[in-house]
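Note sheet for the following structure.
The values are calculated or read from the model by the stated rules, or taken from the named source; none is laboratory data. Fair warning: this is a prediction, and the values are worked out from it, not measured in the lab. Cβ: placed from backbone, ideal geometry, glycine included. Neighbour counts: every protein chain shown. What goes into the accessible areas is simple: the full protein's heavy atoms, side chains included, and nothing from ligands, DNA or RNA. Shrake-Rupley method; radii C 1.70, N 1.55, O 1.52, S 1.80 Å.
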Amino acid sequence: GQRLSFQHGFRILVAMQVSNPDKPFFPERGLTKGDLVAYYRDVAECALPHLRRRPFHMKRFVNGVDGEFFHQKRVPANHPDFVDEVFVQFPSGHSTVFAIVDNVDALTWVANLGCIELHTWHSRVPEIEKPDYLLIDLDPTSDGQWPFVREIARVVREVMDELGLRSYPKTSGATGLHILAPIRPEVLFPDVRRFAKALAVEVERRIDDQAVATTTWKVADRVGVFVDFGQNARDRTIASAYSVRPTPDARVSAPLRWDEVATVEPAAFTLETMRAQIAYVGDPMRGMWRNPPSLRTRFKQLGLEP
């Protein structure tokens, strides 16, 4: 009953902004485009700190998860005023203008375009060449490795703690786990990647079992969970915190408290359950972007040239 009464109010509120709100987007769960937009409006206070001032990569599922999707980097020229934009030049010589999603109406607008996922760069305007977090992505190589992911996450946290980096875990919303460490935007992408690689290698060394954790780059040669440092690169995107993923169950990339990681199951977090999760535990990533540490001073701790 609550959801229905909320939906009624929601349709009045954003009738001008949402086209075809009854279009099925997650048929297996009976969820519509209107449900997706309502979710993003409800969690905007938690989601927007992770989106603000970042180039936003539009991946559009205009007919929901069962339909075709396409990537759209360039923001439509006729976008509304509440959607900001940023010009980006690529090494190839190509350029584009990305959307920037800074407010709840902009979030509504991209969801209405079929952007189920919130894909953003690791950097923010104006420092788009310098990421403001380091990412370790724990990516299972085969089914049944989620217990290994939990074990590796604990070691990643241990290494980050020793480096003086605050770490924030979240489910990827698919099969893995993201661990983010906010940093000052003062180091270029290649150097952040170099640091992340050394950190991942140290995690691999401590676990000392290739069947559990590996940094082997070649997919065919991997057995254990990939401790992926390669996402720390320019123009790479991840689904940000509180992003829905295009899975049949409308799974969400859910921020976690560290004491949840040992028992967490990714399937527990969906478009339908996240509001209650936030109401129960709050926002585990609240305040994470305040006063980030400098990465520059930490290279020597990993035996790297600054």
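Quick one: longest stretch of the chain between exposed loop trypsin sites (Lys or Arg not before Pro), exposed meaning at most 11 other C-beta atoms within 10 Å and loop per DSSP?
Longest stretch, sites excluded: 1-217.
Only sites in a loop by DSSP and with at most 15 other Cβ atoms within 10 Å count here; which GluC sites (Glu not before Pro) in the range 147-251 make the cut?
186
If a paramagnetic tag sat 7 Å from the Cα of residue 219 along the Cα-Cβ line, which residues of the range 142-176 would have the backbone N under 18 Å from that point?
Only 142-145, 174-176 pass the distance filter.
Cα axis of helix 2-14 to longest principal axis of the chain: angle in degrees, 0 to 90, nearest 10?
80
How much length, in nm to one decimal, is gained on full extension between residue 20 and residue 186, taken as 0.36 nm per residue of separation minus their Cα-Cα distance? Display every interim value, and only then the final one.
On the way: separation 166, 0.36 × 166 = 59.76 nm, distance 4.36 nm.
Stretched out fully, the residue 20 to residue 186 stretch lengthens by 55.4 nm.
Binned at 5 Å from 0, what are the whole-percent values of the Cα-Cα distance distribution for the range 92-241, short to long?
In whole percents, the pair-distance histogram is 2, 9, 17, 20, 19, 14, 10, 7, 2, 0.
Please give the contour-minus-distance gain from residue 273 to residue 81: 0.36 nm per residue of separation, less the Cα-Cα distance, rounded to one decimal in nm.
65.9 nm
Expressed in nm to one decimal, what extension gain is obtained for the pair residue 304 and residue 166 from 0.36 nm per residue of sequence separation less their Cα-Cα distance?
Contour length minus Cα-Cα distance gives 47.7 nm.
For the chain, calculate the relative contact order in percent as a whole number, restricting contacts to Cα pairs under 8 Å that are 6 or more residues apart.
Working: 592 pairs, mean separation 57.9, N = 306.
Relative contact order, the chain: 19 percent.
So, taking all protein chains as they sit and a 1.4 Å probe, how much accessible area belongs to residue 94, in Å² rounded to tens?
The accessible area comes out at roughly 130 Å².
Assigning unit charges at the beta carbon (Lys, Arg +1; Asp, Glu -1) and nothing else, what dipole magnitude in debye, to the nearest 20, does the chain show about its Cα centre?
The calculation lands at about 500 debye.
Using only DSSP helix segments of four residues or longer, with each worth -39500 (n - 2.57), what per-residue ellipticity at 222 nm results for the chain after dividing by its residue count and rounding to 500?
Result for the chain, helices only: -8000 deg cm²/dmol.
If we count every other residue with Cβ under 11 angstrom of residue 53's Cβ, Lys/Arg +1 and Asp/Glu -1, where does the sum land?
Spelling it out: positives minus negatives among the neighbours equals -1.
Relative to the Cα centre, what is the charge dipole magnitude of the range 218-306, using +1 at the beta carbon of each Lys and Arg, -1 at the beta carbon of each Asp and Glu, and rounding to the nearest 20 debye?
It comes to approximately 440 debye.
Report the accessible area of residue 82, computed with a 1.4 Å probe over the heavy atoms of all protein chains in place, in Å² rounded to the nearest 10.
70
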